[in-house]
Amino acid sequence: MSTIVGGIFTSHVPAIGAAIAKGVQQEPYWKPFFDGFPPVHRWLEQAKPDVAVVFYNDHGLNFFLDKMPTFAVGAAPRYENADEGWGLPLFKPFEGAPDLSWHIIDHLVGSDFDPTTCQQMLVDHSLAIPFELCWPEAAAWPVKLVPIAINTVQHPLPSPRRCLALGRAVGAALESWDGPERIVILGTGGLSHQLDGERAGFINTAYDRHCLDTLGPDPDALARQDALDIIEQAGSQGVELLNWIAARGALTGRVEEVTRNYHVPISNTAAATMVLANEAPVPA
Amino acid sequence: MSTIVGGIFTSHVPAIGAAIAKGVQQEPYWKPFFDGFPPVHRWLEQAKPDVAVVFYNDHGLNFFLDKMPTFAVGAAPRYENADEGWGLPLFKPFEGAPDLSWHIIDHLVGSDFDPTTCQQMLVDHSLAIPFELCWPEAAAWPVKLVPIAINTVQHPLPSPRRCLALGRAVGAALESWDGPERIVILGTGGLSHQLDGERAGFINTAYDRHCLDTLGPDPDALARQDALDIIEQAGSQGVELLNWIAARGALTGRVEEVTRNYHVPISNTAAATMVLANEAPVPA
Amino acid sequence: MTSPAASGPAPRRPMSRTIPGTPIFDGAAATQGYALNAMCFSFNDPANREAFRVDEDAYCDRFALTPQQRRAVKDRDILGMIAAGGNIYYLAKLAGIFGLSVQDVGAAQTGMSVEAFKAALLAHQEETA
Amino acid sequence: MTSPAASGPAPRRPMSRTIPGTPIFDGAAATQGYALNAMCFSFNDPANREAFRVDEDAYCDRFALTPQQRRAVKDRDILGMIAAGGNIYYLAKLAGIFGLSVQDVGAAQTGMSVEAFKAALLAHQEETA
Ligand SMILES: [Fe+3]
Ligand SMILES: [Fe+3]
């Protein structure tokens, strides 16, 4: 029987990757953000996941508007990162878990979700930077990958309620998986930020704190907003919170907050990091 | 207010296109099939649709296994046919109805469907041949197009129940569309046939007749089977019946059979044609 | 286009339900067959069809076909291609290069002559009288 | 890659809800902006970035940008690109070619100096104390 060990939630700003590449994690601008990660590393050492199921959003690397999925599930034996337009150094490749991917896809389609399945898929910084943050200096990633991309780019976006339901269906699929794997869930992006329009630079620390406080104990409360409510409160790219909500849904047991960090700003973004451990409910 | 005039259901075997290109419609092999269409033409002359919403399946022209949607909705201003691998003559291009496409997509995502949206999309014989059959010798297609592709290629396939629900959600979207358009629904493919495996050549006329008898009055009965039940009864490609079931769902009123034709074989296929007129229920 | 397979195909998982003589192209088959299907998909482009005709081996190399897939392609063995993960919607494009109609393909898989296969199809006509 | 627009962009439909200063990239915007976004998507390939740098006009021609889109690109006018249907996730790739950081892009859209824009971001730090 597989085990869902918990969820890691973190921002994925490209500048974080640049800071890692330059080795400036201890400089005053960056230290308060990177200081959030030693507790994550200690938790990972004890949780020992073998597989990461990652809810993220593609930023125009693998998907374009000719074929724009609402939800896409990777089912490849291997995933590569690639140039996203800025010629930055590439991230290490990722080993897939296609059998588990197909198990999840079978379960999703059987539960009235309509995913796009991807047997070949490039993954961008929004998946790779959280890996760099979780497993710095790894020669190879210590976990296999099942990537699940959520459309946060083109409206209509899936509703927060639908994203939570997607996560819960993924969680149910993982619970019914026969393998011995220890599975960690990642949700990447956010929190509040806005890159476009006259409101560019918008940040809402009160809303972010509300989200951090609510995600663990009452995700349904976050799912009662619609996507435009989130955009109003968290900025146009703050809607990447959808990835967090979906990831939270995949934690099917009793969750407990292990660590959190919140620091403003990283680039244009209110950066947050949180770990929720997932304890299977004890049978009565 | 738009009007859903009815649904046209027909097989889409590539050989039909070849027969049209060769002008052999009146030869003994083909005549019983093409004889099914004059009543369709007469109905179309009176129904006068402006837009066709077409449920079909892509045969490896626009979609490959790298990005394989369960449901894909076109939202392009124009669609082209292209070489599907056999170098056959190409079909005329299709004018899109992007505003209506987006209205449908908004409604679908708002109703917990997870479509892939396609602003650029090639459409294959399974869409074009039914157009050729409905509007032979048209200099340009007299209807605009909203194409909706259903995955019938790679399992897990969407369930018949999900396809019927998809069609019903599309029908609800069309009913809430403010434009003056007269809309015809097309469902293409089937009926029983199987191209692959030791059971290739499988045809099941009793099951086909059951489907033709049931589709209009009781589509939910067809939707109580699962996709593998259909494959068992209708052959692996007979599962294109999913397109018919979805198209039937989009007929939201009282349906009445206008014409039907059933002829075996066309190529390896039991070929069927049916028109169901859609009468908006009279308000009490 | 290259195959995503890093270390050979995964073994096909057992299907929960089988329908005799009827391949189900599920995730396990799709994983196993990716290279072959990718090659077949490339045949939408006539230049690729020509390249295959000119040097079949080199073309199979380009898509990193598995030995099982190469053998089935070399032998024009449709059931072998399907057993190696090929999907009929893509294989149909390769069959076109080989000059095979869907009746030829059907006959080959059922072990019938093409005439017998066509006659069996026509025999259903009586049921529609 | 060519634009699918047969006869110019459709007019943007009115949004049912607006959030001041916050573009919503919906179907109407996506229809209007397809050519511009397709060009920006092409910049994932460094050879395309170089081709744009060498001859900007010719590159815009290749993607059949609308006059409104061309003008906004020529003027490095981010709000103009968005008004012409550009989506920030794709425009970010073009901004990279222009050597603009996300702070530069933010400052340009808000009418602030880059220093003032950065200072406004940093000012939120107090709220987290
Ligand atoms: Fe992001
Ligand atoms: Fe077909």
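Observations on the model:
- Here C:LYS118 is the anchor, and the aspartates and glutamates within straight C-alpha reach of less than 17 Å, apart from those fewer than 8 places off in the same chain, are B:ASP196, B:GLU198, C:ASP104, C:GLU126, C:GLU127.
- Residues of type aspartates and glutamates that B:LYS22 reaches as a straight line, Cα spacing below 15 Å, ignoring anything fewer than 8 places off in the same chain: B:GLU132, B:GLU137
- Here the contact order of chain B, divided by its residue count and restricted to Cα pairs under 8 Å and six or more residues apart, works out to 31 percent.
- Solvent-accessible surface of chain A, taken per residue with a 1.4 Å probe and all protein chains present: 31 Å².
- Remark: label point of B:PRO32 defined 7 Å out from Cα along the Cα-Cβ vector; separations to the same position in other copies 8.1 nm, ascending.
- Proximity of backbone amide H atoms, modeled 1.01 Å from N, is registered between B:VAL258 and B:VAL275, B:LEU276, B:ALA277 at under 5 Å, excluding neighbours fewer than 5 places apart on the same chain.
- Computed over segment C:27-98: relative contact order in percent, which uses C-alpha pairs under 8 Å that are six or more apart: 48 percent
- From phi via Karplus (6.51, -1.76, 1.60), per-residue ³J(HN,Hα) for segment A:181-186 in Hz, x at Gly/Pro: 4, 9, 10, 10, 9, 10
- Gaussian network model of chain A, Cα within-10 Å springs - most flexible of A:HIS41, A:HIS155, A:HIS103: A:HIS155
- Under the span-like rule (Cα at least 20 Å along the axis, Kyte-Doolittle mean at least 0.0), DSSP H helices of chain D: D:27-42
- Measuring heavy-atom accessible area with a 1.4 angstrom probe and counting protein chains only, the residues of segment A:165-201 that give up at least 20 Å² relative to the chain alone are A:LEU195, A:ASP196, A:GLY197, A:GLU198, A:ARG199, A:ALA200, A:GLY201.
- For segment B:19-76, the share of alpha carbon pairs falling in successive 5 Å distance bins from zero is 4, 12, 15, 13, 14, 18, 14, 9, 1 percent.
- A label point on C:THR18, set 7 Å along the Cα-to-Cβ line, lies at 6.4 nm from each of its counterparts in the other copies, closest listed first.
- Across peptide C:24-35, the average count of Cβ atoms from other chains found within 10 Å of a residue's Cβ is 6.
- Ordering B:SER176, C:PHE43, B:THR3 by the projection of their Cα atoms onto the charge dipole of the protein assembly as shown, which places +1 on the Cβ of Lys and Arg and -1 on the Cβ of Asp and Glu, puts C:PHE43 at the extreme positive end.
- Taking every alpha-carbon pair under 8 Å whose residues sit at least 6 apart, chain C reaches a relative contact order of 25 percent.
- Local electrostatic count at B:GLY85 - Lys and Arg +1, Asp and Glu -1, tallied over other residues with Cβ under 11 Å: -2
- From its DSSP helices (H runs of at least four residues, each -39,500 (n - 2.57)), chain B gives a residue-normalised ellipticity at 222 nm of -9500 deg cm²/dmol.
- Within 10 Å of the Cβ of each residue in B:51-59, the mean number of Cβ atoms contributed by other protein chains is 1.
- Cross-link reach list, lysines versus A:LYS48, counting only Cα pairs under 25 Å and skipping chain neighbours closer than eight places: A:LYS92, A:LYS144
- For segment A:107-124, a reduction of at least 40 Å² in accessible area between the chain on its own and the assembled protein chains (probe 1.4 Å) is found at A:VAL109, A:ASP112, A:ASP114, A:THR116, A:THR117, A:GLN119, A:GLN120.
- In nanometers and ordered shortest first, the copy-to-copy spacing of the D:SER101 label point, defined 7 Å from Cα toward Cβ, is 6.9.
- Chain C and chain B together bury an accessible surface of about 3700 square angstrom, both sides counted, with a 1.4 Å probe and no ligands or nucleic acids included.
- Partner shielding of D:88-96 amounts to 6, given as the average count of beta-carbon atoms from other chains within 10 Å of each residue beta-carbon.
- Within chain D, the longest run free of trypsin sites (Lys or Arg not before Pro) that sit in a DSSP loop with at most 16 other Cβ atoms within 10 Å is D:18-75.
- Largest-first ordering by accessible area, 1.4 Å probe, given options A:VAL275, A:VAL24, D:VAL54: D:VAL54, A:VAL24, A:VAL275
- Segment B:3-273: C-alpha pair distances exceeding 30 Å, %: 20 percent
The values are calculated or read from the model by the stated rules, or taken from the named source; none is laboratory data. From a predicted model like this one, the values you see are computed outputs, not experimental measurements. No Cβ is skipped: glycine too gets one built from the backbone with ideal geometry, and neighbour counts run over all protein chains shown. All accessible areas refer to the heavy atoms of the entire protein, side chains included, with ligands and DNA or RNA removed. Shrake-Rupley method; radii C 1.70, N 1.55, O 1.52, S 1.80 Å.
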